[in-house]
Amino acid sequence: MISIGISGAPGRMGLLSQTAIEPLEDLVVGGLYAPGHDGEPLAGGTCSGDPEALSECDVILEFTHPEVAPSNVSRWKSFGAHVVIGTSGYDSSRIARLREEWAGSDRRCMLVPNFSLGSVLMMRFAEMAAPFFAGAEIIEMHHDRKRDAPSGTALNTAARMGRVRRAAGIPSIDRGRTKEDGALGAEVEGVPVHSVRSPGLLAHQEVILGGVGEYLTIRHDTTDLASFAAGIVLALRSVASLEEPVTVGLDGLLGL
């Protein structure tokens, strides 16, 4: 039985994780943590405002705000736990620091930009197609309560696309000047990324690749948080057996 701690337990992903774990025979919720929610009853038990509530857990899920996630992850590492990070906002520089921190550790850390299996395939398809088109842009759309922009999925997609495009020697497009700063999006790893935050949306991403006389669109839409459950369970079951101290994404677990 693997004991799972959940940091950010009252949030939507934290609650989803508790529901996903509850019927399983090999996983059990071993602790729930969120500052300011001490004593709050949740699906997986009673939440604590004390991080020590997760000190005996085998694996800890990190679902808090991007600004506090790195310090939380360091704390969970000091507890001797494996860590699965679902918090957004991890760009290339933050991932590099994460790898440096975990280097040589016998514990494992897994950063998952998106737990949806469809989104994993979308990112892989975009990476495969990116070297074949002169133009490449990402439009990501999320609900208005999402605190970061671009999303973690967009950051990871752009990093992967940018890497293979540079390797293929594709030059950056001269986009010229715009009347309004930022109108052409933020540039991430050489790939323009446009973020939309609006009520009515959940999580959506579109990759547009353009060439002479054609364009290719790769799109993924999340319509229900339930789509993340299978990926969460897969990560929790697999993180301890990963070869590297830090792994990004579910791709390897899916054989991609």
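The values are calculated or read from the model by the stated rules, or taken from the named source; none is laboratory data. Worth saying up front: this structure is predicted, and the values here are computed from it rather than measured. For neighbour counting, all protein chains shown are included, and Cβ atoms are generated from backbone atoms with ideal geometry for every residue, glycine included. Areas reflect the complete protein model, heavy atoms only, side chains present, ligands, DNA and RNA absent. Shrake-Rupley method; radii C 1.70, N 1.55, O 1.52, S 1.80 Å.
Brief remarks on what is shown
- Surface listing: 251, 181, 91, 224 arranged by accessible area from highest to lowest gives 181, 224, 91, 251, probe 1.4 Å.
- A simple count of charges around residue 67, restricted to other residues whose Cβ falls under 10 Å of its Cβ and scoring Lys, Arg +1 and Asp, Glu -1, yields 0.
- Within the chain, longest stretch free of exposed GluC sites (Glu not before Pro) [DSSP loop, at most 16 other beta carbons within 10 Å]: 68-179
- Most fluctuating residue given options 30, 213, 14, as computed from a GNM of the chain linking Cα atoms under 10 Å: 213
- Nearest 10 degrees, 0 to 90: helix 92-102 Cα axis against the chain principal axis: 30 degrees
- Of 233, 37, 113, farthest towards positive along the dipole that unit charges on Lys, Arg, Asp, Glu beta carbons give the chain: 113
- Ligands, DNA and RNA left out, the 1.4 Å accessible surface of the chain is 52% carbon and sulfur atoms.
- Heavy atoms of the protein chains alone define the surface here; on that basis the chain has 48 Å² accessible area per residue at 1.4 Å probe size.
- Candidate values (i) 34, 19, 17; (ii) 32, 24, 15; (iii) 39, 26, 17, label of the one derived for semi-axes √(5λ) of the Cα gyration tensor in Å: (i)
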